[in-house]
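So the structure is just underneath, and the comments pick up after that.
The values are calculated or read from the model by the stated rules, or taken from the named source; none is laboratory data. None of these values were measured; they are calculated from a predicted model. Using ideal geometry, Cβ is built from the backbone for each residue, glycine included, and neighbour counts are taken over all protein chains shown. Remember, those area values only see protein heavy atoms, side chains included, never the ligands or the DNA or RNA. Shrake-Rupley method; radii C 1.70, N 1.55, O 1.52, S 1.80 Å.
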Amino acid sequence: MNKKVFLAWILTFIGGFTDAYTFMLYGNVFVAGQTGNIIFLAVNLINHQWFEGILKLTIILTFLIGMIFSAVWTKLMDKTHYWRVYSLIFEQLVMLLIGILPKEVSVYFKLPLLAFAMALQYCLYDQVNDYSYANVFTTANLKRATLNLAAGILYHQKNQLKSAILYYKIIVCFIIGAVLGSLFSNILGIRAIIIPAGLILITIIYHVKKIRNKESFFNW
């Protein structure tokens, strides 16, 4: 039930929105796109910007811990059909907390917590229609979309073309999320994170409905 296209669209939108939000409001910091953090970390170290550099290093490490925890979570929670949904509830609570906390609260509390939640989203929702994809950054999706498009054209493979279109739609969702994340960050400030928190509620309702529909037809 976690492989539905609708879920991929919404979660990828959230990924783009969230990184744009933190980049705009918290000093060129990503909570999901760790490639950018590594580059900015190097720049901070060269320029002796220790506070900014340590913050990015903390976020990178927290994201890694989140990925490790996702594996532990998978092992511990595989006896319930709703174990992925629980991770979305956690992510939503984190976003709501960040949205209501004053800006004076330390970024060392808020951003690593959000990075941890984004790592769970990235690892636990990593497939769409049996294809691997990323919902918190887009380079890997761009690679798959372009290579599948080329293969589909060169070798006349319709399945490759269909998967390329699927990936490009996901990329568009990420771009729209980043654009709106930047726009609403300028308008609403730190409260803008409440928007993706609301969208997560939609994904939770959708995912739970799909699971219950399957439970009503199958004993699994």
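Worth a mention:
- So ALA119, is it open to solvent by less than 80 Å² (accessible area, probe 1.4 Å), in contact with a Leu (Cβ under 9 Å, 6 or more places away or on another chain) and modelled with pLDDT of 95 or more: yes
- Criterion violated by TYR206 - all others in (1) in a helix (DSSP H, G or I); (2) farther than 27 Å from LYS79 by Cα; (3) out of contact with any strand residue (DSSP E or B) (no Cβ under 7 Å at 6 or more places or on another chain); (4) of a type outside the set (A, V, I, L, M, F, W, C) satisfied: (2)
- For segment 165-200, filtering for residues that are in contact (Cβ under 8 Å) with a residue 12 or more places away in the chain and open to solvent by less than 60 Å² (accessible area, probe 1.4 Å) leaves 21.
- In segment 122-149, residue surrounded by the fewest Cβ atoms within 10 Å (Cβ to Cβ) [restricted to those that are more than 24 Å from ALA71 (Cβ to Cβ) and in contact (Cβ under 8 Å) with a residue 24 or more places away in the chain]: LEU142
- Number of the condition not met by LYS3 [criteria: (1) more than 21 Å from LYS103 (Cα to Cα); (2) under 16 Å from the mean Cα position of the chain (by Cα); (3) in a helix (DSSP H, G or I)]: (3)
- Test: residue in segment 72-88 that is touching a Pro at 6+ places or on another chain (Cβ under 9 Å), hydrophobic (A, V, I, L, M, F, W, C) and on the phi < 0 side of the Ramachandran plot: no
- For the condition at pLDDT 95 or above, among the hydrophobic types (A, V, I, L, M, F, W, C) and open to solvent by 80 Å² or more (accessible area, probe 1.4 Å), ILE60 does not qualify.
- Residue in segment 7-22 that is farthest from ILE59 (Cα to Cα), counting only those that are among the small types (Gly, Ala, Ser) and open to solvent by less than 10 Å² (accessible area, probe 1.4 Å): ALA8
- Number of the exception - TRP73 against (1) surrounded by 16 or more Cβ atoms within 10 Å (Cβ to Cβ); (2) modelled with pLDDT of 90 or more; (3) aromatic (Phe, Trp, Tyr): (2)
- None of ASN135, ASN159, ASN186, ASN141 is of a type in the set (S, T, N, Q) and more than 24 Å from ASP19 (Cα to Cα) except ASN159.
- Cβ-Cβ distances below 8 Å connect the following pairs, each with a first residue in segment 98-110 that is exposed (fewer than 12 other Cβ atoms within 10 Å of the Cβ), a second residue that is hydrophobic (A, V, I, L, M, F, W, C), and a separation of six or more residues or different chains: LYS103/ILE190.
- Residue ID - nearest to ASN129 (Cα to Cα), chosen from residues in segment 150-164 that are surrounded by 14 or more Cβ atoms within 10 Å (Cβ to Cβ) and among the aliphatic types (A, V, I, L, M): ALA164
- Just one residue in the set GLY53, GLY27 is over 15 Å from the mean Cα position of the chain (by Cα) and in a loop (DSSP other than H, G, I, E, B); that residue is GLY27.
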